[in-house]
1. Taking the Cα centre of the chain as origin, sum charge times position over the Cβ atoms of Lys and Arg (+1) and Asp and Glu (-1), and report the length of that vector in debye to the nearest 20.
2. Given 146, 179, 18, which one lies farthest toward the positive end of the charge dipole of the chain, if we put +1 on the Cβ of every Lys and Arg and -1 on the Cβ of every Asp and Glu?
3. I'd like to compare 152-158, 216-222, 376-382: which one has the highest average count of other Cβ atoms within 10 Å, and what's the full order after that?
4. Toward the positive end of the charge dipole of the chain, about the Cα centre and with charges on Cβ (Lys, Arg +1; Asp, Glu -1), which of 159, 253, 169 goes farthest?
5. Assuming 0.692 mPa s and 37 °C, estimate D for the chain with Stokes-Einstein, Rh taken as the Kirkwood radius over Cα pairs, in µm²/s.
6. Go through segment 184-190 residue by residue and turn each phi into a ³J(HN,Hα) via Karplus (6.51, -1.76, 1.60, θ = phi - 60°); whole Hz please, and just put x for glycine and proline.
7. What order do you get for 339-345, 14-20, 361-367 when each peptide is scored by the mean count of other beta carbon atoms within 10 Å, highest first?
8. Treating cross-link reach as a plain straight distance, find the aspartates and glutamates whose alpha-carbon is under 15 Å from the alpha-carbon of residue 262, omitting any fewer than eight places away in the same chain.
Amino acid sequence: MLRVKWEGTKSDWTKYNPEWLRFNCQCSQCRQPKSNQRILDVSLIPDRVALDSASLEDERIHVRWKCPEHVGYISVDRLRETADYVSQPSVCSRKTIPELCQSSVTISSETVIDYHDLVDQTARADAICLLYRMLLQNGSAIISEMPTVSGTVKTFVETVLQLPVQRTIYGEVFDVISTPDPINVAYSDAELKPHIDLAYYESPPGLQLLHSLRFDDMVKGGESVLVDGFFAAEELRRVRPEYFRLLSTVPVTFEKIHYDRKWPVHMTYRRPHIAVNGAQQITALFWAPQFEGPLFAPLEQMSAYYEAYKTFSKLIDTCSSRREFRLAPGQMIIFNNRRMLHGRKAFNDGGEGSRHFQGCYVNIDEFKSQALVTLMQHNKYPSVLPHVGNQSC
C-alpha cells in the first residue's frame with residue numbers, strides 16, 4: 001500500500017492500492033506517450049500485486065513492483081487529482097453536483113453575454129471562459145446582440161464554440177415557427193410543457209441553442225420557460241423520497257413514431273426518468289411528456305408510479321427554479337438539455353405577427369471536453385467539476 005501526505009489537505013494520508021497503481025502506471029511500456037492510451041496487456045497482471053519501493057523525483061512517484069517485477073511511475077498530478085476519489089469515493093460524487101438554480105429569475109446583465117465580446121479578439125478569452133463556466137455551473141446562458149440572420153446559430157457553434165453541430169432527425173438546424181401541419185408540437189402555437197429534447201435517443205443532445213430571429217410585439221404569449229430539472233428532482237427527493245425512488249427505477253417508454261414526414265421515423269427507448277449513480281446522486285434526467293409511449297411496469301407499481309409522476313409534474317410547474325422570459329430578436333439562449341427543462345407558453349400571433357426561433361444541438365461529451373480544455377488553457381479550470389448530465393458516475 002502506498003501512502004501519500006498532501007499539503008493543504010484535511011486528511012492525514014491518502015492510501016493507494018497496489019493494483020490500482022499498477023493499472024494506472026504511466027511509463028512507456030504501459031502507456032503510449034504520444035496518445036496517452038494504455039498499451040499494457042492487463043491480463044498479464046497477476047491477481048495479487050505487491051509494492052517493493054516508491055520514491056518521489058521530478059514530480060513523479062517512481063514505483064517498483066514485485067511478482068512480477070516492473071518499474072514505472074505515476075505523475076504527482078494524476079495522484080493528486082484522484083486523491084479524494086481513491087480514498088473516499090463518495091466525496092467525488094458530492095463534488096460533481098452543480099450549483100442548482102434555486103430561485104426564479106429574469107434576464108439580467110449578470111446572465112447575459114454580449115455576442116461582440118465572443119468574436120472580438122481582445123475580449124474573446126474572458127467572454128468564452130465566462131460562457132463555459134455559466135453553462136457548466138448554472139446550466140444556461142443568454143447571448144445578446146446576435147445578428148438576426150438565418151444560419152447564425154450554426155455559425156456560432158462552429159466558429160465561436162468551435163464545436164460540430166449534432167445532426168438529428170430534424171437536421172442540423174431547425175426552425176421553431178408555427179406551421180399548419182407541424183411534424184412536432186414545437187412547430188405550432190400550442191403551449192409546451194417543460195421537457196428535454198429527443199429523450200427517445202440513446203444519447204440525447206447536450207447543448208441546445210435557440211436563436212430568436214423574429215418575435216413581433218403583436219404576438220401575445222410565447223414566453224420561454226426554463227426549469228432546473230436537477231433542482232426539481234432533488235426537491236422531489238426531499239419531499240417525497242419514495243416517489244423519487246420510483247422515478248429512478250421504473251423504466252418509461254420514450255418514442256417518436258412518425259411515418260407521415262419526408263424522412264419517416266420509428267424510435268423508442270426505455271429508461272427511468274431520473275438516472276442515479278451508486279451513491280444515489282443524479283447523473284441525468286429524462287422528462288418529455290410529449291414523447292412518452294405506453295408504460296410497461298408491473299401492475300402493482302402502476303398506480304404508485306402515476307402518483308409519483310403527477311407529483312413531479314406539478315413540482316416542475318411550481319418549483320422556485322422555474323424561469324420565464326421573452327427572448328427578444330437578436331438574443332439566443334444556450335442551455336444544457338440534459339439538465340434544464342425547457343418549454344414555452346402558448347401564443348397568438350394576431351394573424352399578422354410572427355415568432356421565429358432557429359435552433360441546433362451540440363453533443364454533451366464534446367461540449368464538456370471543449371469547455372474543460374478552454375478553461376484549462378486560460379488557467380480557469382473549475383476547482384469543483386460540475387455534473388453535466390451525461391450519466392457519468
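Coordinate-derived values only; no laboratory data. Because the structure is predicted, anything quoted here is derived from the model rather than measured. Neighbour counts run over all protein chains shown; Cβ positions are idealised from the backbone, glycine included.
1. So the magnitude is around 1060 debye.
2. Going by the charge dipole, the pick is 18.
3. Put in order of decreasing packing, that is 152-158, 216-222, 376-382.
4. 253
5. The diffusion coefficient I find is 139 µm²/s.
6. For segment 184-190, the Karplus curve yields 8, 4, 5, 8, 9, 9, 6 Hz.
7. 339-345, 361-367, 14-20
8. 181
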